[in-house]
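What follows is a single structure, written as structure tokens, with notes after it.
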Amino acid sequence: MSEDTLAATDTLPETEEKERIAKRLARAGICSRRDAEKLITSRKVAVNGVVLESPAFLVGPGDRIVVDGQLVPEAEKARVWRYHKPAGLVTTHRDPQGRATVFEKLPATMPRVISVGRLDLNSEGLLLLTNDGELARSLELPAAGWVRRYRVRVHGTIEPESLVPLEKGLTIDGVKYGPIKAILDRQKGSNAWLTISLKEGKNREIRRVMEHLGWPVSRLIRVSYGPFQLGSLEEGGVEEVPGKIVKEQLGQGGGNWAKADTEDRPRPPSNHKKPHAGKASHENRRR
């Protein structure tokens, strides 16, 4: 028997236990809310045997949700993992160019996860992963106030005072970038190591800003995202953050722990060692 179609006006009455179908799919880690809406308008989502036409539809516990012929399991509790991304992997589930992806390299025992933000192909370091799309979305928003901190090697000779204007932000080719805190850690010959902290993290922001200033980036390592640290996690390693710690950190909103502490910045990595950020720590500390 073919499935019926539910029109946009046939939404369920809202209760405290019900939520929009797009949000439910995002929480389940199936896709983002925006992609969920596209699936719905493409008639690829059905609830209890009824094909949906509107993302305004409400679902509750026990509803049978099918996406493109696949049953969506009940949403699990939100979980977060730290992953040490190596250079050479793209942060996407499928790459049109056939390049290796982060998700292909994860252990087979992990559930389906999505990334909190991205790191480009040649960038390394901390990438947060979660099974909850809504959580990922909320942590990526600039309003969350979470500082991303990086160690960056650039080619060029840098005077510390030349970095101060970055704190006011700048505009490059019509794109406005917010305040950037950059500190010179070490100048060695024609290369310099910087610690860079920012909150928004637009696409390739650090590389574009440094290139604009005449300092091309040769290495970029993210060492922290909000209160979560790369620590001593080995390259390619993945480790779940204990649920208690996730709840503690998320419950503190935009407190002091989300601010960059320049006195506690990591040292540049040695030329003979893998890049790490000191001791592993998920503790709530002022950054």
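Just so it is clear, none of the values below were taken in a lab; they were calculated from the coordinates. Predicted model, so just to flag it, every value in this text is computed and none were measured. Counting neighbours? That spans all protein chains shown, and the Cβs are built from the backbone with ideal geometry, glycine included.
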Residues listed by number, the range 203-229, amide nitrogen under 17 Å from A87 label point at 7 Å toward C-beta: 204-208, 210-211, 215-223
Förster radius 51 Å - calculated FRET efficiency between S232 and T41, Cβ distance, rounded to 0.05: 0.65
Added length on full extension, which subtracts the Cα-Cα distance from 0.36 nm per residue, T157 to R99: 17.5 nm
Cα gyration tensor shape of the range 123-226, rounded if a/c is under 1.5, else prolate or oblate by comparing a/b with b/c: prolate
Length added when fully stretched, D63-M110, from 0.36 nm per residue minus Cα-Cα: 14.4 nm
Overall Cα dimensions of the range 83-167 - principal axes, largest extent first, Å: 48, 30, 22
Separation in nanometres of the label points that stand 7 Å from Cα toward Cβ, at L250 and L71: 2.6 nm
Difference of contour (0.36 nm per residue) and Cα-Cα distance, S138 to R208: 22.7 nm
For the range 60-106: rounded, prolate or oblate by the Cα gyration tensor [a/c cutoff 1.5]: oblate
Distance violations [Cα-Cα > 29 Å] among K23/K244; K105/K168; K38/K77; K85/K199: K105/K168
